[in-house]
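Colleague: First, the structure itself, so that you have it in front of you.
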Amino acid sequence: MSQKTSRRDEPDRYDVPARRASYTLIHKLIAEGVLRPVIRPSSEKDDPIKGIRAIATYAFKPGTDIQATDPHHLLINDKLIKADLYKLPSHAYTGLVSNSPAFSELPGVSELFEVVRRTSCSPQDVAVLLTNVAHQSMQPDQVARLVTPSQQFTASWEPEHTLVHHTGKSDFFVTLQFTVQFRPLFQALHREPIAIDVGLRPLTTLLHQSDSHRQFYTTPLTLPDHRNLSPSARRLYDRLIYASGRQDCERVVAYLVKNASVVIAEKLRLDDMDRSYVEKSRARAIQDHHYAALSQYLNAARIPLNRLPAGYTSSECPECRHVARANRAGKQFRCCRCGHTDNAHIVACRNLLHRWQRTQRRVA
Ligand SMILES: [Zn+2]
């Protein structure tokens, strides 16, 4: 095992939505001068704050006391701001909790998560358990729950660099900053370029340059109908679905960090079918992961991520290069010209690899 650690110059930043109920308090913090406007360059290229484009960005006055009190709240001096802290990637959430001494959590939430991710319970039993856990009061518990512990990625939260963004839609987002360390568990012996196709079903299709492939699926969940739940049970329900989607995505990250020398991906394509409430919530976790977490994980592991522009990756024939929408029918690819057939997700990966190799040749 290599003990070499790599520390990056750029910190990782993750945005979580603040809740509407706290907007008045945020305006108060701005009025009191606890939140101060940050001047950002108009060009995205020169902006050190990547990600969110906002109509106004605020930083905290030096000396402001900022800590997380539970998965849904940041305590700023004496004001409790509601924000979806539980949507941070596992390592970042763990760093946040370990730097928040007054953190509390619902007792039994980890056990509930295990039950939901097993198929041996009935939805009715899960409803009872979920309601019981959700209706307890939070107890002091400075342990990050519902996350995948990582030996490779550790993040330290830097509360003094917290930012608040006011976006054009008049919503507020909180950006939390972390210093991330990566300690590889595996030697970089057999790494190779890997193309990925991300969606809902399957969650991810991976194709190695050597042509071996693999598909990851989301873990099926046992859940009751969300419409019959109390507001607090519903809030926990949303958190469980999000955590499960994140855990599934982080399995893919672990695989890539072990096996990829470079990752090639395109814009996220979520299957455009009517989706259930659970699938919509899960899609949010996958989306956050694909656009915010994946690139920062890979960057910490020093694995380049190449995002290629989307276009015809699943309708172009990898054999004869004929492009036609009719080449693809759902999960099946069948070329109208040469008859080549394959799984449509694998075809998309094959085309991504091909395009990436072409750009490499151009560079060389
Ligand atoms: Zn063909």
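Every number in this text was worked out from the coordinates using simple rules, so none of it is lab data. None of the values given here were measured: they were computed from a predicted structure. Methodologically, a virtual Cβ is constructed for each residue, glycine included, from the backbone with ideal geometry; neighbour enumeration extends over all protein chains shown.
Colleague: What residues have an amide H closer than 5 Å to that of ALA68, excluding those fewer than 5 places away on the same chain, when H is modeled at 1.01 Å from N in the peptide plane?
Modeller: LEU75
Colleague: Quick one: Karplus J couplings for the range 14-19, per residue in order, coefficients 6.51, -1.76, 1.60, θ = phi - 60°, nearest Hz, x for Gly and Pro?
Modeller: 10, 9, 10, x, 7, 8
Colleague: Along the charge dipole of the chain, which of PRO107, ILE30, GLY311 sits closest to the positive end, that is, farthest toward it, with unit charges on the beta carbon of Lys, Arg, Asp and Glu (+1, +1, -1, -1)?
Modeller: Of the listed residues, the answer is GLY311.
Colleague: Calculate log10 I(q)/I(0) of the range 226-327 for q = 0.11, 0.18 Å⁻¹, where I(q) comes from the Debye formula with a single equal point scatterer on each Cα and nothing for solvent.
Modeller: Debye intensities relative to I(0), on a log10 scale: -0.49, -0.98.
Colleague: Tell me, what HN-Hα J-couplings in whole Hz come from the Karplus equation 6.51 cos²θ - 1.76 cosθ + 1.60 at θ = phi - 60° for each residue of the range 147-153, using x for Gly and Pro?
Modeller: 3J(HN,Hα) across the range 147-153, in whole Hz: 10, 8, x, 10, 8, 8, 10.
Colleague: May I pose another question? Share of antiparallel DSSP beta bridges in the range 211-364, in percent to the nearest 5? If you can, show how the numbers build up before the last one.
Modeller: Details: 6 of 10 bridges.
Of the beta bridges lying entirely in the range 211-364, close to 60 percent run antiparallel.
Colleague: Right, here's the next one. So what's the range 86-200 giving for Rg/Rh, alpha carbon basis, Kirkwood Rh from the mean inverse pair distance?
Modeller: Numbers: Rg = 18.4 Å, Rh = 17.6 Å.
Rg/Rh for the range 86-200 comes to 1.05.
Colleague: So, one more: Could you tell me which Cys residues in the chain have no other cysteine's Cβ under 4.7 Å from their own Cβ, answering none if every one has a partner?
Modeller: Unpaired cysteines in the chain: CYS121, CYS249, CYS336, CYS349.
Colleague: With the contact rule set at Cα under 8 Å and sequence spacing of 6 or more, what percent relative contact order holds for the range 21-118? Can you show the working numbers first?
Modeller: Working: 86 pairs, mean separation 20.4, N = 98.
Relative CO of the range 21-118 lands at 21 percent.
Colleague: Separate question: Distance check, please: which entries in LYS87/LYS267; LYS258/LYS280; LYS87/LYS169 exceed 24 angstrom between their Cα atoms? Walk me through the intermediate numbers first.
Modeller: Details: LYS87/LYS267 21 Å; LYS258/LYS280 30 Å; LYS87/LYS169 20 Å.
Over 24 Å apart, Cα to Cα: LYS258/LYS280.
Colleague: Using the Kirkwood radius over C-alpha pairs as Rh, can you work out the diffusion coefficient of the range 221-279 via Stokes-Einstein at 20 °C, viscosity 1.002 mPa s, in µm² per second? Spell out each step's value before the answer.
Modeller: Numbers: Rh = 14.2 Å.
Calculated translational D: 151 µm²/s.
Colleague: Using helices alone, what [θ] at 222 nm do you get for the chain, with -39,500 (n - 2.57) per DSSP H run of 4 or more residues, divided over all residues and rounded to the nearest 500? Present the calculation step by step, with values, prior to reporting the outcome.
Modeller: Numbers: 8 runs with 106 residues, N = 364.
Result for the chain, helices only: -9500 deg cm²/dmol.
Colleague: Rounded to the nearest 20 Debye, what is the dipole magnitude of the chain about its Cα centre when Lys and Arg each give +1 and Asp and Glu each give -1 at the C-beta?
Modeller: Values: 50 positive and 36 negative charges, 235 e Å.
So the magnitude is around 1120 debye.
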